[in-house]
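What follows is one structure encoded as structure tokens, with my remarks underneath.
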Amino acid sequence: MEITKVVIPVAGWGTRSLPATKNIPKEMLPIYKKPTVQYVVEEAQSSGLTDVVFINNQNKKIIEDHFDYNLALESVLERAGKTEILKEVREVAEMVNIISVRQKVQLGLGHAVLCAKEVVKNDNFAVMVGDDLMFGSEPGIKQLIDVAKAENMPVIGVMEVPRSKVNRYGIIAGEEYAPGLFKVRNMVEKPPVSEAPSNLAVIGRYVLTPEIFEHLETTAAGVGGEIQLTDALQKLAKNDRLLAVKIRGRRFDAGDWVDYLTANIYFALHDESLRDDLVLKLQELLSCR
Ligand code: UTP
């Protein structure tokens, strides 16, 4: 099973992040020195994925532009002898191939994935949510690709969440057949805390086979009036065609303000040139609460 394509849906309205996202895509809000979506594309690239299919809308074209050359800027940097940042700026344009597909109406994550059907064709493919960041010793999506290749099955990424927060996620019920590997039996979107079958939450990483498109085409709007990817995955689970991997690493949901701010601090703390000053400022802030 060769996997080179990754679908990254970025067409949502980002209402949780307003007013910041009135005119700036949520996926372009910077986390430390880079836009959020660049971390997602870097994870894809380091997992061997070469073709990025952005599912986009007409107001968010700057996402594609970020992964293209900016010749005017590059010549300014060249003339100014700013070679290091010039190299960095150019490298972003050379990371992956970009294919862009319009989602004309934002009908949900499942519908966004369905928009990729004509581009994905009969290939197996990855899906990475454009505002979900994952960091660890091994790229998150690579952990799924390895299992999908070994088992020749669709695989979804899950992480444990506190019981009190299960109502914010898709939650799975499954059998752990090897450490951190599950056969998924059931999935529920945003269940009440008392009804959740586990605390294993579906997070924004998937490796899918084209069979998902048939299921998406017959999926009616679910929770929140949206076509939910979870509902189509549930059909795979019912046919014994779905595995889950407990992803090892740290996750930030950039659409959640606490996670977004924490991610900024996390990266800044990893920059030696900022770390000491930042720690002092944080201590100062904490002491004058
Ligand atoms: P979210 O539900 O987090 O994004 O979807 P949203 O709808 O933009 O945000 P809120 O809830 O209103 O704040 C996860 C990802 O899927 C994309 C979003 O752009 C985001 O990156 N998405 C969502 C689509 O591409 N199309 C959709 O119809 C919905």
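When the P(r) is computed for the stretch 126-268, the part past 28 Å accounts for 15% of the Cα-Cα pairs.
Geometric descriptor of the stretch 25-65, per residue, is 71 Å³ (volume of the convex hull of the Cα atoms). Annotation: lysines with alpha-carbon distance below 23 angstrom to K121 (same-chain offsets under eight excluded): K5, K104, K142, K149, K235. When a 1.4 Å probe is rolled over the protein heavy atoms, the share of accessible surface on the chain that falls to carbon and sulfur comes to 52 percent.
Of the residues T262, T83, T219, the one that moves most in a GNM of the chain with alpha-carbon contacts below 10 Å is T83. Comparing mean-square fluctuations of E138, E42, E91 from a GNM of the chain with C-alpha springs under 10 Å, the top value falls on E91. Counting only DSSP beta bridges whose two residues both lie in the chain, roughly 60 percent are antiparallel. For S287 and D123, the difference between the fully extended length at 0.36 nm per residue and the C-alpha to C-alpha distance is 53.6 nm. If you fit an axis through the alpha-carbon atoms of helix 272-287 and take the longest principal axis of the Cα set of the chain, what angle between them do you get, 0 to 90°, nearest 10? Taking Cα atoms only, the helix is inclined about 80 degrees. Here the simple spin-label model places points 7 Å from the Cα toward Cβ, and for S164 and E176 these points are separated by 2.4 nm. Could you tell me the calculated FRET efficiency between Y69 and L280, based on Cβ-Cβ distance and R0 = 41 angstrom, to the nearest 0.05? Given R0 = 41 Å and the Cβ-Cβ separation, E is 0.55. The mean sequence distance of close C-alpha pairs (under 8 Å, at least 6 residues apart), as a share of the length of the stretch 152-289, puts its relative contact order at 27 percent. Put L285, L133 in order of accessible area, highest first, and with a 1.4 Å probe you get L285, L133. Spin-label model, H270 to S194: label points 7 Å out along the Cα-to-beta-carbon direction sit 4.2 nm apart.
The three principal axes of the Cα atoms in the chain give end-to-end lengths of 60, 49, 36 Å, sorted in falling order. The C-alpha atoms of the chain define a longest principal axis, and helix 140-151 lies at about 30 degrees to it. The angle between the Cα long axis of helix 83-93 and the longest principal axis of the Cα atoms of the chain comes to about 20 degrees, rounded to the nearest 10.
Placing a label point 7 Å from the Cα of E78 along the Cα-to-Cβ direction, the residues of the stretch 90-122 whose backbone N falls under 20 Å from that point are 90-95.
Give me the Debye-computed log₁₀ of I(q)/I(0) at q = 0.09, 0.12, 0.13, 0.15 Å⁻¹ for the stretch 53-189, equal point scatterers on Cα only, no solvent, two decimals. The computed values of log10 I(q)/I(0) come out as -0.42, -0.71, -0.81, -1.00.
The values are calculated or read from the model by the stated rules, or taken from the named source; none is laboratory data. Source: prediction; values computed, not measured. Ideal geometry is used to build each Cβ from the backbone, glycine not excepted, and the neighbour counts take in all protein chains shown. Ligands, DNA and RNA are excluded from the accessible area calculation, which covers all protein heavy atoms including side chains. Shrake-Rupley method; radii C 1.70, N 1.55, O 1.52, S 1.80 Å.
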